[in-house]
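Working notes, structure below.
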Amino acid sequence: MNSWSLEVNQPDRATRRRRGKTDAVDAEAAARAVLSGRADVTPKTGEGPAADMRVLRLAKESAVKARTQAKNQLKAVLLGIDPELRESLSRLSNSALIAHCAELPGNGSASVFTLRLLARRIQQLTVEVKELTRRVNRAVRTCHPQLLDIIGVGPDSAAALLIAAGDNPGLRT
């Protein structure tokens, strides 16, 4: 058994329409491409800077989504709390609201306890997002800093491009 591998591109669309779109037909086309020598691309590796950026971005996107959900939940809980407390909190900016709610007493009503819990969760997720952003930025600057010289390409866009390109051992810049 050989220890090498090749990457096979998607079959020709006209051929797929003519012969059908099944896994068996696609497998046969891939095998024919390998045997004929048309499939000679070395596949991307699952390791390296692009793979690192992929997992960092995955974690960041998850943390951002969870933080947004926690903020929405906090706002929903605010609707059902004591009107006097709600009125005092309504004047605060979002960051001040979260900071204030994080300091509410833990022995209050279920609503007050939940506000405190959600606010602290938001704060923790904000710390995670900042750390993940810092790591993605560092990975891009280490791997391909010249991408950041392009107008309109920031660290997130550069990371997305590098992830899409992948870690291909045949392409070294």
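Checked against (1) in contact with a helix residue (DSSP H, G or I) (Cβ under 6 Å, 6 or more places away or on another chain); (2) more than 29 Å from Asn94 (Cα to Cα), Asn137 passes all but condition (2). Please determine, by comparing only the residues of the range 159-168 that are out of contact with any Ser or Thr (no Cβ under 6 Å at 6 or more places or on another chain) and more than 18 Å from Val64 (Cβ to Cβ), which one is modelled with the lowest pLDDT. Selected residue: Asn168. In the range 64-81, the count of residues that are open to solvent by 70 Å² or more (accessible area, probe 1.4 Å), modelled with pLDDT of 70 or more, of a type outside the set (Gly, Ala, Ser) and over 30 Å from Val136 (Cβ atoms) is one or more. A count restricted to the range 108-144 and to residues that are of a type outside the set (A, V, I, L, M, F, W, C), within 23 Å of Val55 (Cβ to Cβ), at pLDDT 90 or above and open to solvent by less than 70 Å² (accessible area, probe 1.4 Å) stands at 4.
The values are calculated or read from the model by the stated rules, or taken from the named source; none is laboratory data. These figures come from a predicted structure and were not determined experimentally. FYI the Cβ positions are ideal-geometry reconstructions off the backbone, even for glycines, and counts take in every protein chain you see. Just the protein is used for accessible areas: all its heavy atoms, side chains included, with ligands, DNA and RNA removed. Shrake-Rupley method; radii C 1.70, N 1.55, O 1.52, S 1.80 Å.
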